């Protein structure tokens, strides 16, 4: 999310304390890659990650100092994923239209392909809410801000997504 | 972040993922640095360099070499200061520092007596900057006293200010504040510590 910076002296002072972007990449890069892998699949994940961090670097000086950086990055990744889905689709597809429709096809191959394939088979909204809550660790209030809707709706979508994953993906669940 | 995970253990489904592998991270970071540079978004690039005077941090803007920092300055702190004073768009991106690193390697090996680098002096202001400009004129293996430097910059009484300018030199080694010593011939202080000053002056005396 690109926020315009105000050149008010007090805010400038706060801006002075912003940490080097390298520290943001170190702290959040791996998690954002997991989110990208889950949401757009392992094949497209590195492109999505690169676009996300380049956009974040561009907007970084204007980011409000009290921002939740992880939620901010996931928001950018979410928008990049929507752009990517639109570009790949034969017709422009709004996220709202896509929410409850199953994905067109599972993600082929790739590392940890079973889990990614199981995620790819979920409707986009379930896949997104699962990724943002379980992989990025965002509380549902933040997940709702990123993916739209209410926190309760986000919680239900993620619960539905987990229930569906339990049927298709069993590895790692000992009980 | 208050992350309340469901009691049914749904989160364990993702435990099998483990950490993101190092090769992927290195690949992504290199790509980000290259793309940021091409897009004009890499305001400050940095890398470290092992040397006889310890690990040096090298940082450069698009204009030129901005900062050389000894380990005792705390590299994390130096980068945080650059983020505030110049820009927070800072990435570990060694390519921009290739020439500086090579010339420093040659200097420490005794094969280089002058640096052929474009310098960005924006971290030094006012009189301190005047002092740095003069320091670059003190040749390899030469030494001047703080009083001589003060006189050369037109402020013969500003001996302490010259010492302060040397102590805050943002580009040590390259801008040779190590060649400024006390009038009595003793080495005096140094931004990299007394031992580093000794090493540099011995290196230059031997070559």
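The values are calculated or read from the model by the stated rules, or taken from the named source; none is laboratory data. These numbers come from a predicted model, not from an experiment. Ideal geometry is used to build each Cβ from the backbone, glycine not excepted, and the neighbour counts take in all protein chains shown.
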For residue B:31, work out the one condition from (1) within 13 Å of the chain's Cα centre (by Cα); (2) within 11 Å of chain A (Cβ to nearest Cβ) it doesn't fulfil. (1)
Among the candidates B:80, B:24, B:60, B:69, single out the residue that is within 12 Å of another protein chain (Cβ to nearest Cβ) and modelled with pLDDT of 95 or more. B:80
Modelled with pLDDT of 90 or more, closer than 28 Å to residue A:23 by Cα and buried (at least 18 other Cβ atoms within 10 Å of the Cβ) - does that describe any residue in region A:60-69? yes
State whether the residues of region B:101-110 include one that is under 23 Å from residue B:189 (Cα atoms) and out of contact with any strand residue (DSSP E or B) (no Cβ under 7 Å at 6 or more places or on another chain). yes
Every residue in region B:74-101 that is closer than 13 Å to residue B:48 by Cβ and in a helix (DSSP H, G or I), please. B:75, B:76, B:78, B:79, B:94, B:97, B:100, B:101
Of the listed residues (B:175, B:149), the one being within 25 Å of residue B:76 (Cβ to Cβ), at pLDDT 95 or above and either in contact with a helix residue (DSSP H, G or I) (Cβ under 8 Å, 6 or more places away or on another chain) or not in a loop (DSSP other than H, G, I, E, B) (or both) is B:175
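Conditions tested, residue by residue: (1) modelled with pLDDT under 95; (2) in a helix (DSSP H, G or I).
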residue: A:58; (1), (2): no, yes
residue: A:72; (1), (2): no, yes
residue: A:86; (1), (2): yes, yes
residue: A:103; (1), (2): yes, no
residue: A:108; (1), (2): yes, no
residue: A:116; (1), (2): yes, yes
residue: A:126; (1), (2): no, yes
residue: A:132; (1), (2): no, yes
Given the structure, is residue B:40 on the phi > 0 side of the Ramachandran plot, within 12 Å of chain A (Cβ to nearest Cβ), loosely packed, with under 13 Cβ neighbours inside 10 Å and at pLDDT 95 or above? yes
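Take the residues in region B:102-117 that are in a loop (DSSP other than H, G, I, E, B) and more than 14 Å from the chain's Cα centre (by Cα); name whichever of them is surrounded by the fewest Cβ atoms within 10 Å (Cβ to Cβ). If you could, list the steps in order and put the result at the bottom.
Initially, region B:102-117 is screened for residues in a loop (DSSP other than H, G, I, E, B), giving B:109-117.
Keeping just the survivors that are more than 14 Å from the chain's Cα centre (by Cα) gives B:109-116.
Working: B:109: 11, B:110: 11, B:111: 10, B:112: 16, B:113: 12, B:114: 12, B:115: 20, B:116: 7.
Going through the qualifying residues, I end up with B:116.
Can we say residue B:187 is in contact with a strand residue (DSSP E or B) (Cβ under 9 Å, 6 or more places away or on another chain), under 18 Å from residue B:69 (Cβ atoms) and not assigned by TED's automatic domain parsing to the domain that holds residue B:47?
For residue B:187, the condition - in contact with a strand residue (DSSP E or B) (Cβ under 9 Å, 6 or more places away or on another chain), under 18 Å from residue B:69 (Cβ atoms) and not assigned by TED's automatic domain parsing to the domain that holds residue B:47 - is not met.
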